[in-house]
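Peer 1: Could you have a look at this structure, given as structure tokens, before my questions?
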Amino acid sequence: MVGPGPNPLQVVGIVYAVLFVVIAALLWRTGRFSRTVRYLLLIVTVLFGFLFFSPMLPHQFQELVLRVDSRIGFGLLGGLIGIGVMLVLTFLFGRHFCGYLCPIGALQELAYAAPVPKVRTTRKRELSVARGVVFLVLLGAGLGAGFSLLSLFGLREFFTLTLSTGSFVFAAVLIISLFLYRPFCRVICPLGVLFQLATAPGWWKLRRTDACINCHTCERACPTGEAHSTDLQGECYLCRRCVEACPVAGALIYGPQAPVTQAGGE
Ligand code: SF4
Ligand code: SF4
């Protein structure tokens, strides 16, 4: 069943999200996405998460699966439109939503910026498979038994500052995020599955140019193992670590695969 249609708040949210992604992509493309912009966007997004519990698409995806339109924040149709629009934008421009617009992702990103020792894993395939299994369990539990798997992670409680078992679970995820890059995104998030699939064949991504000296510095800097020239970047969160680590100006640019004519991304 499809519930109530779009309401004004929902339309504002979708317009904000579309503008956010398009402007972020243009800033990347023209080399204006600086470290300052990066932290500014992350902080604004986290604040919006606490103030409005939005945009919280993973939570809304779960409610779509449960078909509980009253808990999505807007109608089921609006939820479908919002996720559909984000999937198209992700195909076109990469995971700007995950990188900077999702409060869950932004909080983990800020946590990982803390100066503590990091745990790197090169098992990106295994992580993606694990998240795929979680995705199927979420669908099965939601459609078959009306059970919300994501409710175990207390997203709503955490961002509305409500004490519960779930909010402590998400707090634990954040503590893990200090050491391990985006554990919720890479293992749990149902939208991560869809966004990875949308990004892999996507249009604008990080590309190497002829200026690349093949020093592998970007690959060592990447927390998700997506910086090799042959990687599809389905798990690239546009964190900029590769760009900032690269010793050669113009060796890494963001944009369509061809023609490679403009230095950007830095
Ligand atoms: S993977 Fe999911 S939780 Fe992580 S940033 Fe993307 S939508 Fe948000
Ligand atoms: S280091 Fe580069 S390739 Fe790796 S996730 Fe960050 S922006 Fe993407």
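The values are calculated or read from the model by the stated rules, or taken from the named source; none is laboratory data. Everything numeric in this text was worked out from a predicted model, so none of it was measured. With ideal geometry, Cβ positions are generated from the backbone for all residues, glycine too; neighbour counts draw on all protein chains shown.
Peer 1: Just to be sure, is residue 180 among the aliphatic types (A, V, I, L, M) and within 16 Å of ligand 2 (Cβ to nearest atom)? Write out each step before concluding.
Peer 2: Working: among the aliphatic types (A, V, I, L, M): yes; within 16 Å of ligand 2 (Cβ to nearest atom): yes.
Considered against the rule, which asks whether it is among the aliphatic types (A, V, I, L, M) and within 16 Å of ligand 2 (Cβ to nearest atom), residue 180 comes out as yes.
Peer 1: Taking the conditions exactly as written (in contact with an Asp or Glu (Cβ under 8 Å, 6 or more places away or on another chain) and among the polar types (S, T, N, Q)), does residue 164 satisfy them or not? If you could, list the steps in order and put the result at the bottom.
Peer 2: Numbers: in contact with an Asp or Glu (Cβ under 8 Å, 6 or more places away or on another chain): yes; among the polar types (S, T, N, Q): yes.
So residue 164 passes the test.
Peer 1: Let me ask something additional. Exactly one condition in (1) charged (D, E, K, R); (2) in a helix (DSSP H, G or I); (3) farther than 20 Å from residue 17 by Cβ; (4) touching a residue at least 60 places away in the same chain (Cβ under 8 Å) is not met by residue 126; state its number.
Peer 2: So the condition that residue 126 fails would be (4).
Peer 1: Looking at (1) touching a Phe, Trp or Tyr at 6+ places or on another chain (Cβ under 8 Å); (2) away from ligand 1 (no atom under 12 Å from the Cβ), which is the one condition that is false for residue 122?
Peer 2: (1)
Peer 1: Turning to a different aspect of this structure: If you check 107, 76, 101, 89, which single one turns out to be in contact (Cβ under 8 Å) with a residue 12 or more places away in the chain, buried (at least 17 other Cβ atoms within 10 Å of the Cβ), of a type in the set (A, V, I, L, M, F, W, C) and touching a Lys or Arg at 6+ places or on another chain (Cβ under 7 Å)?
Peer 2: 76
Peer 1: Give, as residue ranges, the helices (runs of 4 or more DSSP H) completely inside region 133-203 that count at least 3 residues that are exposed (fewer than 13 other Cβ atoms within 10 Å of the Cβ) and of a type outside the set (A, V, I, L, M, F, W, C).
Peer 2: Numbers: elements: 155-159, 165-177, 190-199.
Helices (runs of 4 or more DSSP H) meeting the threshold: none at all.
Peer 1: For residue 35, all conditions in the list (1) surrounded by fewer than 16 Cβ atoms within 10 Å (Cβ to Cβ); (2) modelled with pLDDT under 90 hold save one; what is the number of the exception?
Peer 2: (2)
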